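S.K.: Below is the structure I would like to discuss, written out as structure tokens.
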Amino acid sequence: NLDCPFYENKALFRQEFSKLLPFPPFTIKRLSEIENLADIQKKTESLILQHETMSGGKGTFLVRQPADLDEAVRIYRFQGSKNPKIVISQYIDSVLERSLQCCVTKYGTLVGPMQKQIVSAPELLNPHNLATEKFSGAQISDESGMEPIYKSMVATAQTVGKKLAG
């Protein structure tokens, strides 16, 4: 029996699968530990911040400057979580980032098409926009030349699915 809320938590998922999946370097901090950019930035690198439970890309922010961090923190506090965990990842510029949505069932792991995550879309940044509850936060498209990468991703998803079903 899967504890789905556990695996929907980005911080806990990364902790559980960091050795299996190719995550960029990351750290996890409580929101109260993030006062300014110097608290989380080792140098002048850009970062990706993800709220542990906000879905649909609404809790994902690209942080390049203090104003970006201020906006992310404002929205995280608006969500009402007392002191959520925030995943702070190195931003890898010019990377071809793709993801899969998967569902573990009693019949095995069902894997969807390759998708590109949408970060910093105005529709996702406005916490008052109720339409964001129905927005997937991803662009799904069939990209030529991506079949070998897709097959590798599916194999990894199947491995994760077996661990989740476990």
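S.K.: So, in the range 25-115, how many Lys pairs have Cα atoms under 18 Å apart, if the pair is 8 or more places apart or on different chains?
M.R.: 6
S.K.: So what J values fall out for the range 80-85 if you push phi through Karplus, 6.51 cos²θ - 1.76 cosθ + 1.60 with θ = phi - 60°, rounded to Hz, Gly and Pro as x?
M.R.: Values per residue, Gly and Pro as x: x, 5, 4, 8, x, 7 Hz.
S.K.: For residue 140, what accessible surface area do you get with a 1.4 Å probe? Give it in Å², rounded to 10.
M.R.: About 100 Å², rounded to the nearest 10.
S.K.: What accessible surface, in Å², does a 1.4 Å probe find on residue 16, ignoring ligands, DNA and RNA and rounding to the nearest 10?
M.R.: Here the residue's solvent-accessible area equals roughly 80 Å².
S.K.: What relative contact order, as a whole-number percentage, does the range 11-96 give when Cα pairs under 8 Å and 6 or more residues apart are counted?
M.R.: Value for the range 11-96: 42 percent.
S.K.: Name the residues whose placed amide hydrogens come within less than 5 Å of the amide hydrogen of residue 86, ignoring near sequence neighbours (fewer than 5 apart) on the same chain.
M.R.: Long-range HN contacts for residue 86: 29, 30, 31.
The values are calculated or read from the model by the stated rules, or taken from the named source; none is laboratory data. Treat the numbers as computed from the prediction; the structure is a model and nothing was measured. These area figures cover heavy atoms from the full protein model, side chains too; ligands, DNA and RNA do not enter into them. Shrake-Rupley method; radii C 1.70, N 1.55, O 1.52, S 1.80 Å.
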